[in-house]
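Have a look at the structure below before the remarks.
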Amino acid sequence: MAIPLKYNIGNISSRRVSTLMSVLGIGIVIAVMLSMMALSNGVNSAIISTGSKDNLMIMRDGSDTELDSWVDKAKFQVLRTLPGIQKDAQGQPVISPEIIIVFKLPKKDNPKGSNVNVRGVTPMGFEMRPYLKVIEGRMFRPGVNEVIVSRRIRDRFVGCNVGDSFHFGPQDWNVVGIFDGAGTSFDSEIWTDVGYLGSVRKRESYSTVVIRPADHDAATSIKAAVDNDNRLKLQAKSEYQYYDEQTSGLVGIKVLVGFVTFFMVIGATLGAMNTMFTAVASRTRELATLRALGFKRRAILMTVVIESAFVSLLGGLAGVLLALPVNLISTGTTNFKTFSEVAFNFNMGPAVALRGILLAVVAGVIGGLLPAISAARLPITRALREI
Amino acid sequence: METLVEIHDVRKVYKRDQFEIPVLNGITLGVPRGDFLALMGPSGSGKTTLLNLIAGIDRPTSGRILVDGQEVSSYSETALASWRARHVGFIFQMYNLIPVLNAAENVELPLLLTKLNRKQRKQHVENALAIVGLADRMTHYPRQLSGGQEQRVAIARAIVTDPTILVADEPTGDLDAKNADETLDLLQRLNAEFEKTIVMVTHDPKAAGRAKHALHLDKGVLAEGQYGYEAEPAVVRT
């Protein structure tokens, strides 16, 4: 039978100050790790959550991003007539031709500016993204130089409030509304009328066309029709797949997060190890007594590891509490695949928090192992003489 | 009289760096069942080492030790742990109670290694604490007890599994005269009333005087000779 848990809890609470220090130490390490994970998660969800599995994106064959894709207006007319496209209440096919152009605009913290995606859409573009809401001002009117700006871009760039105007290219653009993209990558964009954008930027073709198939079978047949028609020279992929692929442009962040996580777990492990070496050293005679009474080496090993895991669990919980405020941080980075701004919120959801706590416990188990082994291997007769 | 502990030509050599330090130099001894034996001798004479060997927390370099017919000197580490749990009750000079457990929980520790259920364990703990006169101190923690009371809790822990043998290493070494007397009274009572076989290491001639027999070790050998007991030597099977 194992040594009772009350023994561990009693020991942890009897050395309150050193336990508190260990919990805080491990907690801070876990909080840093969770912040990095929240950053990565925030970027990922900002990009991936954009893609709907219901929508198909049609792009130029060989293009990786919307920016280097074009779809001729004649080809758009061919796509519009494909069988299997869902119809709206007016009987119109649910299909959205879109133009993406990069504007370089001055940032509040960087006057040299940064690239922002400007998306030209038709009203169908909004119908296909019903979660996108104008939260301030009004919708742009077609055929004029009006734009609506995402809330996060408004917060981070100069001259993007309702009533402001900014200059790009040969003309000024008037900001008439602010929209919320519900955490998707549209939160990093400015939207305007596709026809007007195309004409003033002299674009004879669309960048992409987004199609809503009627059902799964229709999606398969539309994809096959697009991919196999050599005259079109286009490719179709699910919108979700497209945005998932975009995260490869943020591989730097992922590597950084992995790097930091690795070292933070080592830090937490060393913290737990130090705590348990100290705890075991002060209880040498006690542990030897337990062995003399007949508790086997593995019972001693288990009790030390359990104690270490428990201290680390408390550290993990402290880490989650310490890291909670990062959820309030909204910032941005450059996606080096599109060279455009990606605005995102740090996102430490329950899954990330749980992963942090689990990693803390794993660190505790690993950190507790060495002190546990040394405690279990101590010769009883020598340990009994320890004061 | 039946021999409970048989020690055959036991030697123990410790290694310190490249040096070999002989501690026991060929001890042969038989301890009868129901005896209360005091082992005496100056520091470094090997008495605690001999006690540790009998208790199964150390193993001899050569020779054999049998307790109740079982050759414990040949047991593996794991088998020895199980054997100690069932057959040996320990009483230490510094009591060695677990500070974060109360008296009842300390006494219950060896019972956790048995198949007894919670209710049975509780009954055994109450009985053991009643025998040592501490039935009213069940929920007290070691820091809330006097030295004498702590040692009595430790004795309750030693007897709670009804072990084959009690080993006591300087059980009065950390107590004042009054508490030492009470502890020795209790050991004598356990020996006389409950027929517990006790082997006790002590420096104190007064404490040794409370035992049935006393043997002296010097430089790893028994001063009294091979069998030790003058009046009624125990039988050592060869």
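Observations, loosely collected:
- Where both bridge residues fall in region A:62-232, DSSP classifies roughly 75% of the beta bridges as antiparallel.
- Globularity ratio of region A:62-232, using Cα Rg and 2.2 N^0.38 Å: 1.09
- Long-range amide H partners of A:TRP70 with built H, under 5 Å: A:ARG60
- Whole-number D in µm²/s for region A:160-272 (Stokes-Einstein; Kirkwood sum over Cα pairs; 25 °C, 0.890 mPa s): 129
- Heavy-atom accessible area ranking, 1.4 Å probe, most first, across B:MET94, A:MET36: B:MET94, A:MET36
- Spatial offset of region B:1-61 relative to region B:76-129 amounts to 24 Å, using the alpha carbon center of each.
- Cβ-Cβ distance of B:GLU193 and A:ALA281, R₀ of 45 Å, FRET efficiency by 1/(1 + (r/R0)^6): the value works out to about 0.60.
- For region A:181-198, backbone phi angles converted through the Karplus equation (6.51, -1.76, 1.60; θ = phi - 60°) give residue-by-residue couplings of x, 6, x, 8, 6, 5, 5, 10, 10, 10, 10, 8, 6, 5, x, 5, 4, x Hz, Gly and Pro being listed as x.
- Between helix A:284-293 and chain A: long-axis angle, C-alpha atoms, 0 to 90°, nearest 10: 70
- For A:SER238, solvent-accessible area (1.4 Å; no DNA, RNA or ligand), Å²: 30
- Shielding value for B:84-92 is 3, the average number of Cβ atoms from other chains within 10 Å of each residue's Cβ.
- Share of carbon and sulfur in the accessible heavy-atom surface of chain B [1.4 Å probe, %]: 49
- In plain terms, if you count all Cα to Cα distances in region B:1-56 and split them into 5 Å steps from zero, the share in each step is 5, 16, 25, 26, 15, 7, 4, 2, 1 percent.
- With a simple spin-label model that places each label point 7 Å from the Cα along the Cα-to-Cβ direction, the separation between B:THR139 and B:ARG86 comes to 3.6 nm.
- Using the empirical formula 2.2 N^0.38 Å as the baseline, the Cα radius of gyration of region B:19-83 reaches a ratio of 1.16.
- 34 Å tail of the calculated P(r), the protein assembly as shown, as % of Cα pairs: 60
- Per residue accessible area in Å² of the protein assembly as shown, where ligands, DNA and RNA are left out and the probe is 1.4 Å: 44
- Accessible surface buried at the B:A interface totals approximately 2200 Å², computed with a 1.4 Å probe on protein heavy atoms.
- Local net charge near A:ALA375, Cβ-Cβ under 12 Å (Lys/Arg +1, Asp/Glu -1): +3
- Per-residue surface analysis assigns B:LYS122 an accessible area of about 120 Å², computed on protein heavy atoms at 1.4 Å probe radius.
- Computed FRET value (nearest 0.05) for A:GLN235 with B:ASN25, which takes r as the C-beta separation and R₀ as 56 Å: 0.05
- The residues B:GLU150, A:GLU127, A:GLU245, A:GLU204, sorted by heavy-atom accessible surface at 1.4 Å with ligands and nucleic acids left out, run A:GLU204, A:GLU127, A:GLU245, B:GLU150 from largest to smallest.
- Averaged over the residues of A:284-292, the number of partner chain Cβ atoms lying within 10 Å of the residue Cβ comes to 5.
- In this view, the solvent-accessible surface of A:LEU256, computed with a 1.4 Å probe and all protein chains in place, comes to about 90 Å².
- The order of A:ARG129, A:ARG16, A:ARG203 by accessible area, most exposed first and with a 1.4 Å probe, is A:ARG16, A:ARG203, A:ARG129.
- Helical contribution to [θ] at 222 nm, DSSP H n ≥ 4, -39,500 (n - 2.57), averaged over chain B, rounded to 500: -9500 deg cm²/dmol
- 10 Å Cβ neighbours from other chains, averaged over peptide A:9-18: 2
- Cα Rg, Dmax (largest Cα-Cα span) when computed across region B:3-236, Å: 17.5, 53
The values are calculated or read from the model by the stated rules, or taken from the named source; none is laboratory data. What you see is a predicted model, and the numbers here were worked out from it, not measured in a lab. Quick reminder, even Gly has a Cβ in these numbers, built from the backbone with ideal geometry, and neighbours come from all protein chains shown. SASA here: full protein model, heavy atoms, side chains in, ligands and nucleic acids out. Shrake-Rupley method; radii C 1.70, N 1.55, O 1.52, S 1.80 Å.
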